[in-house]
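Encoded as structure tokens, the structure appears first; notes follow it.
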Amino acid sequence: MESIELLCQIVIDTLKEFSMEKRSLTATALNEAFSAKKEISSLLSHGLSNPSSVRTKEFSNPQRQLKRVQLKVVEASTPSRIEPLAKLQSAFLKILHSFGPIIKGDYEKQFCQLKKKISDCESLESLGIVGDEMDSMVSSLINDTVAGIAFSNDFLVELSKDLYKMEEQLFSCQNHNRETYLLTNEFHDDLLVHTGDMGHALDIGNNLEDVRHLITSKLSVIVKAVEVKQQEDEVRLQEADRKISELQNNVKTYNQEILQVRERADTLEKEMLLDELTQISNRRAYDLGVSDTLRRYHRDGVPFSLIIIDIDHFKKINDSYGHSAGDKCLREIAKLIKDALRKTDFFARYGGEEFIVILNGSNAQEARNVADKIRSRIEKTCFSYHEEIIPLTISLGVTEVMPSDTDADVPFIRADEALYQAKKDGRNRVCVITDLPFCKI
């Protein structure tokens, strides 16, 4: 295992130990934990990998970090201090990245700010302080997630109890119907016995007076039995109506509760898949959407292309005009891009100042035309904040899906490489990568 991989693994294992033991993540505690690790001491004493080799890996490895962290140039005399800091920063960012699927709402902005703080740390001490903030934020996120799971579990428990009650009521109605059936058969048998006695009296030839007396007696018994049966049927009918009405009310209540939970689930799902700032789809929605689109491509042969969009020098905008101005620019740019797309296209904020588009049914050439249309629209738009003009341009990377793309990350990496090339070539331009060499506009 290379030094950087070993160091990252040690950091992750140490943080897991803190989490399992519920220890507070402070700079002092983290320093003590790292000091106890013989592997870290060995790595620090012998030095880590050459920074230039790390830089080379960043661009040669297709699974590199999607967010590029620019490290400051330092004197060659201090590599032993700067290199461990960079590796720890990378490990912290990797840990934050693993929480991506459950980050939503206000946490998205907080996690972006925390990532920036980690990237901006210039010493192990400052990184330890940021670690305390990361511990607090991650704990809060986990607590909120657990609370949502607990709510769902409580509902399922209550629903299980309600369904059990409904089952008891249905069983009671079934028994009631069975008892009614048996009583009706018994009544019919009695009638048959009495009518059979009357017929038997006629058959044996008794005198008329005896037959009349027997028939009168039997008819009286039958009339009485019919009256009793009618009364019993009325009571049982009322009881059956009561139980059915109770069951109907319970079903109505259950339906209302299920509808409320479904609405809550829809709301939570919308929050999970919607970017709060720009009100467009977020990265989770993209991950789901691109996977479905790729499956449809391999099943039906419907092509699609990806466009990754990044705002040029967006950090300068936040630094010069403030985050409020930056947020406003993000909202306006998202609206302009959305208006330039078709309803069948998928548009999402991937994170920070990056957006991503899935152009359904479009090849690379068509996607390049759409990308340049978007680029030109942003370039010609006048952005202002408090009557001050903010110059804005965007860079775009484009690729088309290929038959060899079995994983959704593969076309994304091509589009991301194209975006990087567009920025390297001067920004405010479109770059396309397919299976051929760079094709630039």
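The values are calculated or read from the model by the stated rules, or taken from the named source; none is laboratory data. Predicted model only: the values in this text are computed from it and were never measured. When we count neighbours, we look across all protein chains shown, and the Cβ atoms used for this are built from the backbone with ideal geometry, even at glycine.
Output the number of the condition that Gln365 fails; it satisfies all remaining conditions of (1) of a type outside the set (Gly, Ala, Ser); (2) within 26 Å of Arg299 (Cα to Cα); (3) touching a residue at least 12 places away in the same chain (Cβ under 8 Å).
Looking at each condition in turn, Gln365 falls short on (3).
Every residue in the range 300-335 that is surrounded by fewer than 17 Cβ atoms within 10 Å (Cβ to Cβ) and of a type in the set (A, V, I, L, M), please.
Across the range 300-335, the qualifying residue is only Val302.
Report the residue count in the range 244-285 for those that are part of a strand (DSSP E or B) and either touching a residue at least 60 places away in the same chain (Cβ under 8 Å) or exposed (fewer than 13 other Cβ atoms within 10 Å of the Cβ) (or both). Reasoning before the result, please.
Filtering the range 244-285 for residues part of a strand (DSSP E or B) gives 274, 281.
Of the ones still in play, those that are also either touching a residue at least 60 places away in the same chain (Cβ under 8 Å) or exposed (fewer than 13 other Cβ atoms within 10 Å of the Cβ) (or both) are 281.
Qualifying residue count for the region: 1.
What are the residues in the range 237-250 that are at pLDDT below 80 and basic (Lys, Arg), if any?
Lys243 - this is the single residue of the range 237-250 that is at pLDDT below 80 and basic (Lys, Arg).
Given the conditions (1) over 20 Å from Tyr297 (Cα atoms); (2) of a type outside the set (A, V, I, L, M, F, W, C); (3) out of contact with any Leu (no Cβ under 7 Å at 6 or more places or on another chain); (4) surrounded by fewer than 22 Cβ atoms within 10 Å (Cβ to Cβ), which single one is not true for Asp407?
(1)
Check Ile358 against each of (1) over 24 Å from the mean Cα position of the chain (by Cα); (2) modelled with pLDDT of 95 or more and name the one condition it does not meet.
Answer for Ile358: the failing condition is (1).
Would you pick out the residues in the range 20-29 that are surrounded by 14 or more Cβ atoms within 10 Å (Cβ to Cβ) and at pLDDT below 70? Write out each step before concluding.
Keep residues of the range 20-29 that are surrounded by 14 or more Cβ atoms within 10 Å (Cβ to Cβ), which gives 25-27, 29.
Matches in the range 20-29: Leu25, Thr26, Ala27.
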